[in-house]
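Worksheet: one structure, shown below.
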Amino acid sequence: MSAPVIEARALRKEFGGFVAVDDVTFEVGRGEIFGYLGANGAGKSTTIRMLCGLMAPSGGAATVAGHDVALAPMRVKGAIGYMSQRFSLYRDLDADHNLEFFGGIYGLSGKALTRAIERAIERTGLSAHRREVASSLPGGIRQRLALACALVHEPAIVFLDEPTAGVDPASRRDFWSLIRELARAGTTVFVTTHYMDEAEYCARIGLMVDGRLVALDTPRALKARYVPGTSLAISGRGLDGAMAEAAALPGVLAVEPFGARVHVRFREGALDEAAVRTIFSREGRVDRVEPVEASLEDVFLAVAGEGAKEAAA
Amino acid sequence: MRRFVVRVWALSAKEVRHVLRDPRSLYLALGMPVVMLLLFGYGVSFDLDRLPVAFVDHDHSAASRALRRRFTAGDDFVDVGELDADGAQAALVAGDAMAVIVIERGFERHRARGERATVQVLVDGSEANGATQLRAKAERMLALLGVDGAIRASGAGAPLEARTWTRFNPEGKSAVFLVPGITAYVLAIVAVLLTALTVAREWERGSMAQLFATPVGRLEIIVGKLLPYLAIGTLAVLLVLAVGMWVFDVPFRGSPAALALLSFLFLAGMLGQGLLISVITRSQMVATQAAALSSMLPSMLLSGFVFPIENMPQVLQWITVVIPARYFVEGLRGVLLRGNGLAELWPELLALSVFALVALGVSTARFQRTIA
Ligand SMILES: Nc1ncnc2c1ncn2[C@@H]1O[C@H](COP(=O)(O)OP(=O)(O)O)[C@@H](O)[C@H]1O
Ligand SMILES: [Mg+2]
C-alpha cells in the first residue's frame, strides 16, 4: 500500500456512556476503494463523521489528507468530498444549480466553476438531467447528483455513506462502476454499505460489529479466513429434514439454509458430492447440486457470530 | 477574503433561487404590506366602544339635551359630562375625553325652522386609530339623529351638519399615522418569519449537515442567507412608503439617511430574531409559530402602532422598552412626520443597534457547527 491518506488510530466515539465507535484502527491508501461494512447501528456513519471533521472524536486520533481531524477540521473539509447517508441536496433546485452552489461553497467561481460543473456532470453521466429539479429525479440519478456535488471541487478523497441505500439493483451497479472509475483515476473512496454483495468491488473491507472493527482485509483473504473450504449448493424439495445428517458427514464444516437452497461447506479437499446427493435424496428430491463460491455474506455471518460469542463470553 | 465573497455569493444566489422557485414568500413580503396599508388606511379598524365624549352646550335647549342623551344612549359613546370651552380643551389634552361635541347657540331654533343646525365634533387625533373610528362613529350617529323622528318632530327635517375636526392631524388622514406602525408590523413579520423558515428548512432537510461538511464558516452561512432577506425587507419598506406617500399623502419631512439607518438596523434585528428562533427550534412548524407570535404581537400591540404607549399600564410600558418595533415606529414617525434627522433620532438608532447586535450575536453563538 502506498502512503496512507486516511489513518485512524484507536478512534473512539462515546455518546453518554454508550460506545458507538470502539477504538478502531485502520489505514487507507491513495486510490483505494475502502469498504466499511456493518449492520445498522454498527457505527459506520459515526466513524465517517469523525473522519470528515463533523464530530470530534472522544478518543484516539485520525488524519485525513495529512490533516488531523480534531485539530484542523476545516482543512479536512476542504480536502474531501462527503455524501451523507441522507439525501441532502436542495430538492427545489435543478442539477446545475445544486452543483453551482456546492462549487461556490468550495470557493470556485467564474470559468473554474463552469469547468468544474462540466466535469462533474460528465464524470457522473448526468448530462441528460442538468435542468431537472432534484426532487423529480429518480432515486438512482439523485444519488449520482449527490455524488457529483461531492466531487465538484475534485477532492482527492471522498466519503460516501451508504450511497446506494434504497436504490434499485441496476442503479446500484451503475453507481459502483462510477466508484471504480473514480478510484482508477486516483481518487480515494471510503464507502459504507450494508449490502454485502457490493463489498466485492472494494479493494479492502473493514467489518464493523457493535462499534468494533472485527475484521479488516481484502475480500478474498476474508473469505479464505472466515469461510474456508468449498461449498455445494443443493436445490430441490424437502431438503430441511436431512440437514442434521449432512452436518455429520466427514469433513463438513457447516450446513446452512440459503434462500430456497441449502449450502454444505466442506473442509478443503474433503468435498464429497455423491454423499450429499444420497443423503438429501433419501428425504426429499434433489434437482441440482453445484459448487458455490463463498460470499461476503457468509463472511459476515461467520464474523458476526464470532463477535456475538465473544460478547457473550 | 475572496473566498468569503465567493461563498457568501453562492449562498445568497441559492437563496434567491429558492425564493424565485416558490415566490409565496415574495408575495408575503411585498404584497402584504400594501394590502395592509390599504385596508387600515381606508378605515378597516379595530372596534372600540365606550369612547369618552364631553359636551359643550351653548344652546341649553330641549333639542340640545335630547341630542346629548341620544348620542350617548348606545354602547359607542360614554358621556363624561358637560364642560365649558376651556374645560373641554383641557379634557382633550388630558385624555379624559376622546372627543368634545360642541352644540352651538341657536341649535334648536335652526332645527325648528328647518335650517342647518350645526354641531362641532372635536377629536383627539394624536392616536390615529381611535380618532378614525371615533369620527366614523360620530358621523354615523349624527346622521342617524338627523333623521330621527323625535328630533325631526321639532324641526322640518333638515339634516344636522356635522363638522368634525381632528386636532394635531388636520387633514384627517389616518394613514399618515398608520404608515409607520404598519411598516414596523409588516417588516417584523416578513423578516422574522422568512428567516426562521429558510434556516429551519435547512436543518429539517439535512442540507445544514451537508453544509457543515464543507469548509464554509458559520458567519458565511449567516451573512449569505440573510443578505437576500435584507434586500427583500428593504424593498418592502420602500414599497410601503411609496404607497403611503402616493395614496395617502404621507409626508417625508426628515432625513433619508436616518430612514435608511433605521430600516437597516430594525431589519437586522428582526433577521437576528428569526435566525435565533430557527437555530433553537430547527423545525419549520415550530419556527413558523414562534416567529409569527414573537413578531406579530409585540410589533402590533406594544409598538405604539395600535395603542399609544403613554396610555398603557405601567408594566406594559416597561416591557415596550425591549421591543425594537417601538423604536422603529417612533423613529419613522420622527422622520416622516416631524422632520427629524440623525441628531434627534440617535436614541432610537442606538436602541435598535443594541437589539440587532444582541439578536445576531446570540444566534451566531448558538449556531454551533455540530450535527445533532
Ligand atoms: N448523535 C448521537 N447521539 C447518540 N447516539 C448516537 C448518535 N449518533 C449515533 N448514535 C448511536 O450510535 C450508534 C451507531 O450509529 P451510526 O454510526 O449511525 O451507525 P451506522 O451508520 O452503522 O448505522 C447507534 O446505536 C446510534 O443510535
Ligand atoms: Mg449510517
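The values are calculated or read from the model by the stated rules, or taken from the named source; none is laboratory data. Only a predicted model underlies this, so the values are computations on that prediction, with no experimental measurement involved. Note that we place each Cβ from the backbone using ideal geometry, even for glycine, and neighbour counts take in every protein chain shown. Note: accessible area is taken over every heavy atom of the protein model, side chains too, but ligands, DNA and RNA are not part of it. Shrake-Rupley method; radii C 1.70, N 1.55, O 1.52, S 1.80 Å.
Which value does Rg/Rh take for the stretch B:308-372 over its C-alpha atoms, Rh per Kirkwood?
My calculation of the ratio gives 1.14.
Go ahead and set up a Gaussian network model of chain B, Cα springs under 10 Å, then flag whichever of B:P313, B:P33, B:P298 fluctuates most.
Its mean-square fluctuation being the largest, the pick is B:P313.
Taking only the alpha-carbon positions of the stretch A:228-293 and ignoring solvent, what does the Debye formula give for the base-10 log of I(q)/I(0) at q = 0.11, 0.20, 0.29 Å⁻¹?
Taken in order of the listed q values, log10 I(q)/I(0) reads -0.19, -0.66, -1.48.
Full extension from A:T278 to A:E256: what is 0.36 nm times the residue separation minus their Cα-Cα distance, to one decimal in nm?
Additional length available on full extension: 6.1 nm.
Two decimals is fine: what is log10 I(q)/I(0) at q = 0.05, 0.07, 0.09 Å⁻¹ for the protein assembly as shown, from a Debye sum with one equal scatterer on every Cα and no solvent?
Listed by q, the Debye log ratios stand at -0.44, -0.67, -0.87.
Build a GNM of chain B with springs between Cα atoms under 10 Å: which of B:S278, B:S64, B:S303 gets the top mean-square fluctuation?
Of B:S278, B:S64, B:S303, the most mobile in the Gaussian network model is B:S64.
For the stretch B:226-304, what mean projected area does the convex hull of the alpha carbons give, in nm²?
Mean shadow area of the hull around the Cα atoms is 6.3 nm².
Compute, for A:Y106, the solvent-accessible surface of its heavy atoms (probe 1.4 Å) with the complete set of protein chains present, and express it in square angstrom to the nearest 10.
Number for this one is 20 Å².
With everything on Cα atoms, drop me the angle between helix B:256-281 and the longest principal axis of chain B, reported from 0 to 90° to the nearest 10.
60 degrees
Throw me the Rg/Rh for the stretch A:1-133, computed over C-alpha atoms with Kirkwood Rh, two decimals.
Here the Rg-to-Rh quotient is 1.03.
Residue by residue through B:213-226, how many Cβ atoms from other chains fall within 10 Å of the Cβ on average?
4
May I ask for the angle, rounded to the nearest 10°, between helix B:2-21 and the longest principal axis of chain B, with both axes built from Cα atoms and the value confined to 0 to 90°?
Computed tilt is about 50 degrees.
Quick check: with the 1.4 Å probe, what order do A:F87, A:F266, B:F264, B:F252 take by accessible area, largest first?
The most accessible residue leads, giving B:F264, B:F252, A:F87, A:F266.
What fraction, in whole percent, of alpha-carbon pairs in chain A exceed 35 Å separation?
32 percent
Greater than 28 Å separation of Cα atoms is the criterion. Which listed pairs, A:K77/B:K225; A:K13/A:K77; A:K111/B:K14; A:K77/A:K223; A:K77/B:K14; A:K44/B:K14, meet it?
Among A:K77/B:K225; A:K13/A:K77; A:K111/B:K14; A:K77/A:K223; A:K77/B:K14; A:K44/B:K14, the Cα-Cα distance tops 28 Å for A:K77/A:K223; A:K44/B:K14.
Counting only heavy atoms of protein chains, what accessible area per residue, in Å², does the stretch A:228-293 have with a probe of 1.4 Å?
Averaged over the residues of the stretch A:228-293, the accessible area is 56 Å².
Taking the 0 to 90 degree range and rounding to the nearest ten, how far is the long axis of helix B:284-301 tilted relative to the main principal axis of chain B, both from C-alpha atoms?
Computed tilt is about 40 degrees.
Quick check on chain B: of the DSSP beta bridges with both residues there, what percent are antiparallel, nearest 5%?
The answer is about 25 percent antiparallel.
How big is the Kirkwood radius of chain B, worked out from every pair of different alpha carbons and given in Å to one decimal?
Final number for the Kirkwood radius of chain B is 23.1 Å.
Over all residues in B:3-15, what is the mean tally of Cβ atoms on other chains that come within 10 Å of each residue's Cβ?
Rounded to a whole number, the mean comes out at 4.
For the stretch A:228-293, what is the charge dipole size about the Cα centre, in debye to the nearest 20, if Lys and Arg each add +1 at the Cβ and Asp and Glu each add -1 at the Cβ?
It comes to approximately 160 debye.
Mind checking the dipole of the protein assembly as shown: about its Cα centre, +1 per Lys or Arg Cβ, -1 per Asp or Glu Cβ, Debye to the nearest 20?
1080 debye
Over the whole of A:87-96, what's the average partner chain Cβ count within 10 Å per residue? Rounded to a whole number, please.
Mean number of neighbouring Cβ atoms from other chains: 4.
Rank A:G259, A:G31, A:G107 by mean-square fluctuation in a GNM of chain A with C-alpha springs under 10 angstrom and give only the top-ranked residue.
For chain A, modelled as a Gaussian network with Cα springs under 10 Å, the answer is A:G259.
With all protein chains present and a 1.4 Å probe, how do B:W203, A:W176 order by accessible area, largest first?
B:W203, A:W176
Ordering B:R70, A:R123 by how much accessible area each has at a 1.4 Å probe, largest first, what is the list?
B:R70, A:R123
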